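The values are calculated or read from the model by the stated rules, or taken from the named source; none is laboratory data. Small disclaimer: the values here were computed from a predicted structure and weren't measured. Every residue, glycine among them, receives a Cβ derived from its backbone with ideal geometry; neighbour counts consider all protein chains shown.
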Amino acid sequence: MTLRNHYLTIIVLTILAFYWKKLDYHTKALMPWKLMSEKPQSADQSLLLDYVSANPLVVLSRAIRYGHVPIINATIGSLIVILITVFSTGLFVLQPTSILENTTVSVLNTFDGSRFNASAVDSFPVLVVSSILSGNLSIDYPPGTGVDYAVDTFIVHTALDGQF
Amino acid sequence: MVSSNDRYQEHLLMTCVGPDASKSGNVEIFQADLNCNTGRANLTSLTFDEYHWQIFVNAMDDDCATGSALVAAPGVDYTGRIDTYPIGRVILEQCPGTNQSKLFVVFGQVSVSAPLINNGIGIVHSFNSTVLICTPDHALQEALVTTDFAGTLIDIGVPKTLNRSLISPWDLWSAFNTSLVAAAPTFLEDPDSVDTHGGYSYDNFISALLATWSRQSADYLNPDTLMRDLRQLYTASASQIANRYMKVDSMTVASGSYKTTQTRVTLRGTAFAITEVGLTMLIICTCLVLIFSPCSSSLSTTATLASLAVTIHGTDQLKSELCGSGKLPLSHIRNSLSGKSISLNGHDTNKSNSIQLHKSKAIRPTSSATAAGVITWWIPVAFSMYVKIAVFTLPLAIVACLETTYRISRKGHGLDDAPVNQYWHYAWTWIPASTMTLVSLLYSSVSWSVALLEHYSTLRARSVAAQRVLGQWSLSKPSIQLSYQGLRYKRYALLTAGVSGLLAPLLTIIVSGLILVQPVQKREGLFIALADHVSSPAGQVHYRDNWNQPSLRAANLLYQGYGSYPKGTFKNFVFPNLESDARNATISAGAKLLNASYIDIDVGVIMANVTCQVMDPDGFRYTVGFNGSNDPAGFDYGLWMDGVSGDSWLNLTHVDFASYQCGIADAHCDERTVSLGVDLKANSTRFSAQMFQPMDLQWANLSAWPNGDTLQQAVAARNGTSYFNPNVTLFYGTWHATSARIHGIACYYNIGQGRVNVTYGLSTNNSALVTSVQPFLQDFVPVLNYSQALPWSKDDNEDYQLEVLLPGGDLWQTALNNTPEAFYDTPTGSAQLATQVSDLYSHYFTQFYNIVLRSQNFTVNTTHTNATLVDENWQRMTQSPVSTRILQALLLAMWLCACTIYWLFDVSNLITKNPCSIAAQASLLADSKFLDMIPEGAENATLEELMQMTPFKDHLFSMGWWDDGMGGRKFGIDVGMADFDKGEDDEGKIEESGNGRDEPGFIEDGMAGKVDARVSVDIVGSRV
């Protein structure tokens, strides 16, 4: 489960990185043409401008110096894609999580006194209650009972793990 | 149905774990109560007989009275002294006036003095009493009930009354009373136990109250205390009765909810925050890139060499500025262009693109480091020496490192403990990911350089069509396309660069699963303190009076399958307790594992086992007769039964008994029968009888018993003979007229002493809970001479055996455990009954020994014992073998790709400058003759249209040295075949580039070019 999520996240980010790389390249390759088309530029900002081969940090500093917003965006985007790809490897972890969900319950029995036979009762009810109330034994009331109540037995239908 | 429900619940428990797990549902709830008011009582009469006082009381309220009723009959001493007796009784009274029944709960304290002789007069000195007049009640309601997943109630919402009645309140009271009577023998305050002459101070109800709350009897003179205890006992017991006897199976659906804590895959806070911020920034960057994008359709065609050639063709100024600069470094071009401003005209009006050079301010050209005449060749950073060293060594180093860490991980159950501080945990994931990203970027730069220079390398090697080199740009192509292109044109460097580019992202993907947090087992040895020790019962004297109430209750409940083993016991073992609960004990012992799963403690124990064996039903020999008649041997065993007229008798023996003899022929015994007598009740078809160590039942052969050899040794040690009398023997079965089907179970007290490994679970809230006990059986020795340390009477009187402690006072009924007797007539049933009897005795022995054999008097040497703390869920950072192997394979594959690239792709003497700027590319085209062949209007053509025009459609292009027509040489791209030499050396001599470079065989099919090294323009007819 964890590995699946790990791989899925990284794969998605890798695909994102692929497309961003293309965007980054075209932005850098066409930037000199764009600049020249807007207004006359110095040679350094036109014919000699090389954003394609320089490393990202040089590109970023040069683009900031010249105020070339598309290059700044594309380069920062490339760095971000690399960083989030690295950081996303620590994204998922198995840990206890509290879950509260509304659902339907199946009530497995009901109270019915029609077949009750008082003489068939054994020692257990008084014995267990006396033991619990005495506090000398670390035992709880049987399931579905407490000091004041007896309740129907019910089970929940949970979607956890896709089983119920 | 019950068992299937149990299984279902268990399954849910498995899937919904967690300490706070709960479920809620709107279901029926049953609640009972006693409505009580206070009354009053008068002592009406005080008499005595030989052994007892007889105390009569009249209890009353405003409209009803019990009349003079016998409340207690405590023992009397004819000494003349004043004795104070607590007395109590619950009286059910039908009140004539109201035609209503009421419970009169009378509790009092009477001080009396008896005469010196038993025919005098008793004197009442004081009488204080509390009287409660109660009526039972109960109701069926509906409410939102919250329980844990085991069904233990947590909360009940506001109830809503249902209009449905169950039984009458007095039937419920009757049931409660039945249960109370059955449980009475388990109360040490049992009235029967007070006085062997049948006297009593309380009835069962008051006994139960006193046994439950362990109060001083005078406490119940306070009506509030009495009322609170009374109501609580009744209410809780009535709930148990309703739960056990009034529920019927059904299946309905109701609304509800559940809450649980599950181990789920969750996003980690810090990593998620960083990723979230990163993605947000990426979205912002995307928006800004789209807004300020330079990628307009009119500019998109300018990125190819063909487009650039067309642009230069229309720009004479640029051509002239760059003329002859193909062989010069970029710094030279920078000098020549300095002081000029450059613009692109025509793109916004859909007219032809042309680069315009304008003279702006005069800028002094910077001096060029390289003289114009000296050729310098440019190589990309990825092909520099340092990068080559990194590319060669880094993957191999990582492969070796991965192998080393993997072996360490496998050998040491992980690389390291999972850090408590989650930020350290990030280091385990981010450092490998960063390393792989670095390798990925390094190899990507190599692939990128190949893609950048591929066209120039192709042009430098041979003449090729424009479509392949001038009309496309490899840098913009994905790795898969590069690979295909490399394969198609047999450019193996490009192929390997493409493959390397494909593999690089996989490094980051796979490394994300490299380090996993996995649970492993961790152990820690401790020397742990004990609170007490358990001595051998040999030679000790203990009996029924030494029981305490909790232990007796525990024995009863354990046999009924309910409750957990009290501290210091597990199954039939009694062992020393720890000084505190197990968790605190480990802390006191200096444990380092603070979240351990369990602790194993090696201690000495007493094993109170009772071994039972099913007797072979076919081995019984018997005779059946009527009461008063003699058996064929002349004995009348029926007479010493209860002697009830109309009963029959059964004389029996078994072939396994050593004393078995059959001397006279009979229907069921062909010899004389010397045996035991069993009373057969008139009008019955079943019989049962239990016998405690009768001399007639000396067992002959022990080898067929469970652990027969051990048992034989124990018997021999105890009796000095291999024969023994079973301690308990049960006979039961069916009978009719003169025949019977007999089953028997024989049991032997197998008390032993040895050592065990006691395991305390530490993962639950109750760390005092023992989860298992593993005996070292080879070390166990039988305990002898324990016959004076028995849970019941200290003598062998059959009247004071285990039965006096059992609910209902009946061994047989208790052993049946609510199962119909007929079930035990089968071999399976007999075996189950043997197990039940064994459990029954074992629980009583064990719980009894738990009290009487435990003491704090032990030597210094035994105050501590060895223990092993075990954490089954110790979190370790482990290295995944699958990810390791995949990463190693990827790195080696990429390393091979890099070697291939460096071997096949020669970048030396390839190009004079970094071709990534427009000026650098233009300098290679500025001197080209083919520019003159470009037709007018080509500036407006798309790239596809351009490729259909001359010279691009019908000429071959190459890059190298060309005759400049003035006796010199120029470097650039042109049609035809260039000189592929390395240029001139310092002395002006041309350096050849090696064989094969100029071979015309490289000309592709369908394209033709005149192979004339010195003719720069070579127009070929339209042969395509």
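Identify, from the list B:ALA72, B:ALA21, the residue that is more than 30 Å from A:THR103 (Cα to Cα), in contact (Cβ under 8 Å) with a residue 40 or more places away in the chain and surrounded by 15 or more Cβ atoms within 10 Å (Cβ to Cβ). It would help to see each step written out before you state the result.
Values: B:ALA21 fails: more than 30 Å from A:THR103 (Cα to Cα).
Residue meeting the stated conditions: B:ALA72.
Out of A:SER98, A:SER53, I need the residue that is at the interface with chain B (Cβ under 7 Å from one of its Cβ atoms) and either farther than 16 Å from B:LEU441 by Cβ or modelled with pLDDT under 85 (or both). Which one?
Values: A:SER53 fails: either farther than 16 Å from B:LEU441 by Cβ or modelled with pLDDT under 85 (or both).
Testing whether each residue is at the interface with chain B (Cβ under 7 Å from one of its Cβ atoms) and either farther than 16 Å from B:LEU441 by Cβ or modelled with pLDDT under 85 (or both) leaves just A:SER98.
Just name the residue that is farthest from the other protein chains (Cβ to nearest Cβ) out of those in region B:228-249 that are over 22 Å from A:ASP152 (Cβ atoms) and not basic (Lys, Arg). Steps first, please.
Going residue by residue through region B:228-249, those that are over 22 Å from A:ASP152 (Cβ atoms) are B:228-233.
Checking which are not basic (Lys, Arg) leaves us with B:229-230, B:232-233.
Numbers: B:ASP229: 8, B:LEU230: 12, B:GLN232: 6, B:LEU233: 6 Å.
Of everything passing the filter in region B:228-249, B:LEU230 is farthest from the other protein chains (Cβ to nearest Cβ).
Condition first: closer than 30 Å to B:THR38 by Cβ, among the hydroxyl-bearing types (Ser, Thr, Tyr) and in a strand (DSSP E or B). Now tell me which residues in region B:128-177 satisfy that.
The answer is B:SER129, B:THR130, B:THR135, B:THR161.
Consider B:TRP903 against the criteria (1) touching a helix residue (DSSP H, G or I) at 6+ places or on another chain (Cβ under 9 Å); (2) crowded, with 16+ Cβ neighbours inside 10 Å: it satisfies all of them except one. Which criterion is unmet?
Of everything listed in (1) touching a helix residue (DSSP H, G or I) at 6+ places or on another chain (Cβ under 9 Å); (2) crowded, with 16+ Cβ neighbours inside 10 Å, B:TRP903 misses just condition (2).
Pick from B:VAL781, B:VAL758, B:VAL773: which is within 42 Å of the chain's Cα centre (by Cα), modelled with pLDDT of 85 or more and surrounded by fewer than 17 Cβ atoms within 10 Å (Cβ to Cβ)? Outline the logic, then answer.
On the way: B:VAL758 fails: surrounded by fewer than 17 Cβ atoms within 10 Å (Cβ to Cβ); B:VAL773 fails: surrounded by fewer than 17 Cβ atoms within 10 Å (Cβ to Cβ).
Criteria check complete, one pass: B:VAL781.
Which residues, counting only those in region A:100-150, are of a type in the set (D, E, K, R) and in contact (Cβ under 8 Å) with a residue 24 or more places away in the chain? Walk me through how you get there before you give the answer.
Our first condition is that a residue be of a type in the set (D, E, K, R); within region A:100-150, this holds for A:101, A:112, A:115, A:122, A:140, A:148.
Hit for region A:100-150 is A:GLU101, nothing else.
Return the residue satisfying two criteria in turn: it lies in region A:121-164 and is touching a Phe, Trp or Tyr at 6+ places or on another chain (Cβ under 8 Å) and more than 7 Å from every other protein chain (Cβ to nearest Cβ), and of such residues it is modelled with the highest pLDDT.
Step by step, filter region A:121-164, then rank; the result is A:ILE132.
Among the residues of region B:549-577, count how many are under 14 Å from B:ILE606 (Cα atoms) and modelled with pLDDT under 85.
Within region B:549-577, the subset under 14 Å from B:ILE606 (Cα atoms) is B:568-577.
Those still in the list that are modelled with pLDDT under 85 too: none.
So the answer is 0.
Only one of B:ALA591, B:ALA585 is aliphatic (A, V, I, L, M), over 16 Å from B:SER855 (Cα atoms), more than 14 Å from chain A (Cβ to nearest Cβ) and part of a helix (DSSP H, G or I). Can you tell me which?
On the way: B:ALA591 fails: part of a helix (DSSP H, G or I).
Answer to the check: B:ALA585.
Could you count how many residues in region A:6-57 are in contact (Cβ under 8 Å) with a residue 12 or more places away in the chain, within 15 Å of A:LEU79 (Cα to Cα) and among the small types (Gly, Ala, Ser)?
1
What do you reckon, is B:GLU454 touching a residue at least 24 places away in the same chain (Cβ under 8 Å), at negative phi, among the acidic types (Asp, Glu) and crowded, with 16+ Cβ neighbours inside 10 Å?
Numbers: touching a residue at least 24 places away in the same chain (Cβ under 8 Å): yes; at negative phi: yes; among the acidic types (Asp, Glu): yes; crowded, with 16+ Cβ neighbours inside 10 Å: yes.
So B:GLU454 fits the description; yes.
Which numbered condition trips up B:ASP825, out of (1) modelled with pLDDT of 90 or more; (2) closer than 22 Å to B:PRO566 by Cβ?
Among (1) modelled with pLDDT of 90 or more; (2) closer than 22 Å to B:PRO566 by Cβ, the lone unmet condition for B:ASP825 is (2).
Name the residue, out of B:MET615, B:MET607, B:MET641, that is surrounded by 14 or more Cβ atoms within 10 Å (Cβ to Cβ), at pLDDT below 80 and of a type in the set (A, V, I, L, M). I'd like the intermediate steps shown before the answer.
Numbers: B:MET615 fails: at pLDDT below 80; B:MET607 fails: at pLDDT below 80.
Of the residues listed, the single one that is surrounded by 14 or more Cβ atoms within 10 Å (Cβ to Cβ), at pLDDT below 80 and of a type in the set (A, V, I, L, M) is B:MET641.
Please work out if B:THR900 is of a type in the set (S, T, N, Q), within 14 Å of another protein chain (Cβ to nearest Cβ) and not in a strand (DSSP E or B). Steps first, answer last, please.
On the way: of a type in the set (S, T, N, Q): yes; within 14 Å of another protein chain (Cβ to nearest Cβ): no; not in a strand (DSSP E or B): yes.
So B:THR900 does not fit the description; no.
In this structure, does B:VAL265 turn out to be free of Cβ contacts under 8 Å to residues at least 60 places away in the same chain, among the β-branched types (Val, Ile, Thr), more than 10 Å from chain A (Cβ to nearest Cβ) and not in a helix (DSSP H, G or I)?
Details: free of Cβ contacts under 8 Å to residues at least 60 places away in the same chain: yes; among the β-branched types (Val, Ile, Thr): yes; more than 10 Å from chain A (Cβ to nearest Cβ): no; not in a helix (DSSP H, G or I): yes.
So B:VAL265 fails the test.
Conditions first: (1) under 22 Å from B:LEU172 (Cβ atoms); (2) assigned to a helix (DSSP H, G or I). B:ASP219 passes all but one, so which condition is the exception?
(1)
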